[in-house]
1. Which residue is farthest from G119 (Cα to Cα), if the candidates are limited to region 180-191 and must be of a type in the set (D, E) and surrounded by 17 or more Cβ atoms within 10 Å (Cβ to Cβ)?
2. Of the residues A169, A194, A160, which is under 20 Å from G58 (Cα atoms) and either in the same structural domain as Q118 (by TED's automatic domain parsing) or buried (at least 21 other Cβ atoms within 10 Å of the Cβ) (or both)?
3. One residue is enough: does region 75-96 have a residue meeting the conditions out of contact with any strand residue (DSSP E or B) (no Cβ under 9 Å at 6 or more places or on another chain), within 26 Å of G221 (Cα to Cα) and surrounded by fewer than 19 Cβ atoms within 10 Å (Cβ to Cβ)?
4. Somewhere in region 74-82, is a residue part of a loop (DSSP other than H, G, I, E, B), closer than 25 Å to C208 by Cα and not polar (S, T, N, Q)?
5. Specify which of the listed residues (G55, G83) is modelled with pLDDT under 95, not assigned by TED's automatic domain parsing to the domain that holds C212 and not basic (K, R).
6. Here are V95, V76, V67: which of them is aliphatic (A, V, I, L, M), touching a residue at least 40 places away in the same chain (Cβ under 8 Å) and more than 16 Å from L32 (Cα to Cα)?
7. Can you tell me which condition V140 does not meet? The list is (1) part of a loop (DSSP other than H, G, I, E, B); (2) buried (at least 16 other Cβ atoms within 10 Å of the Cβ), and all the others hold.
8. Pairs only if they're at least six apart or on different chains, beta carbon under 6 angstrom, first in region 30-51 and of a type in the set (S, T, N, Q), second in a loop (DSSP other than H, G, I, E, B) and more than 16 Å from ligand 2 (Cβ to nearest atom); list them, first residue then second.
Amino acid sequence: MSTLQVRVWRGGPQGGDFHPYQVPRRASQSVLDVVTHIQRMLDPSLAYRFACRVGMCGSCAMTVNGVARWTCRTHVDKVCADGRLELAPLANLPVIRDLVTDMSEFFDKWTRARGRFQGRRGRHDDFERVAPDSPARKQVDAAIECIGCAVCYSSCDVVAWTPGYLGPAALNRAWTLQRDVRDAAQAERLRAVAGDAGCHACHTQLSCTERCPKRISPTSGIAGLKRDALAAALKGEL
Ligand code: SF4
Ligand code: SF4
Ligand code: FES
């Protein structure tokens, strides 16, 4: 059996460094399997986060050989041809300990982008129906499967340069609601995402879209928000 040479960032908010570990290489091994082996067999003090192990919860994302990825569905064979792995916490987020980042600001930005559905109907009303083949619903479909992993946020240079920037995930969420014909807060949401920290700050560098493990294109949604904001501004509504 061959061995992986793994370097894992250990530390906290004040700083840290990489520690070396040797992990047995196995068939169909995920990066999360490697981290779990280290924590269970070599160093129980290692802090990391995961829940579902099947690509649904979004909690296992880390920086793997310099690139943000979900680790439960990243096979070692795909990212580490030379037997070396370097694991670090996600960039653009404060570190709590080791591989665990503080996601508060990431999700606070969803709130700032009005990322919450606001319906018009009450509990006694009939359901509002949306035709599955309508253009608006298809646009929502293309963007709705976000798992909140922050891989896009961690990969975005504009977030790094401009910490107030709402970022690709919050803006993608806002976009899905702007195309939800049942939502009643679209004017308010457009104002929230059209400011300096919103869609116009995006430089369309596409890192978010290239890295999103769910194959969502936040860049497209952000471009849609820019178009909506321009249309609203021309009508004097912004
Ligand atoms: S396309 Fe925009 S949101 Fe996505 S990574 Fe680039 S600057 Fe960030
Ligand atoms: S848009 Fe993609 S990369 Fe960004 S949080 Fe959602 S699933 Fe993760
Ligand atoms: S552990 Fe849930 S997405 Fe990886």
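1. Among those that are of a type in the set (D, E) and surrounded by 17 or more Cβ atoms within 10 Å (Cβ to Cβ), it is D180.
2. Values: A194 fails: under 20 Å from G58 (Cα atoms); A160 fails: under 20 Å from G58 (Cα atoms).
Among A169, A194, A160, only A169 is under 20 Å from G58 (Cα atoms) and either in the same structural domain as Q118 (by TED's automatic domain parsing) or buried (at least 21 other Cβ atoms within 10 Å of the Cβ) (or both).
3. no
4. Let us first name the residues in region 74-82 that are part of a loop (DSSP other than H, G, I, E, B), namely 74, 80-82.
Within this subset, residues satisfying the condition of being closer than 25 Å to C208 by Cα are 74, 80-81.
Then drop every residue that is not not polar (S, T, N, Q), which leaves 80-81.
Yes, the conditions are met somewhere in region 74-82.
5. On the way: G55 fails: modelled with pLDDT under 95.
Being modelled with pLDDT under 95, not assigned by TED's automatic domain parsing to the domain that holds C212 and not basic (K, R) holds for just one of G55, G83, which is G83.
6. Numbers: V76 fails: more than 16 Å from L32 (Cα to Cα); V67 fails: more than 16 Å from L32 (Cα to Cα).
On inspection, the qualifying residue turns out to be V95.
7. All conditions are met except number (1).
8. Within 6 Å, the pairs are Q39/L46.
The values are calculated or read from the model by the stated rules, or taken from the named source; none is laboratory data. Owing to the predicted nature of the structure, the values given are computational and were not obtained by experimental measurement. Backbone-built Cβ (ideal geometry, glycine too); neighbour counts: all protein chains shown.
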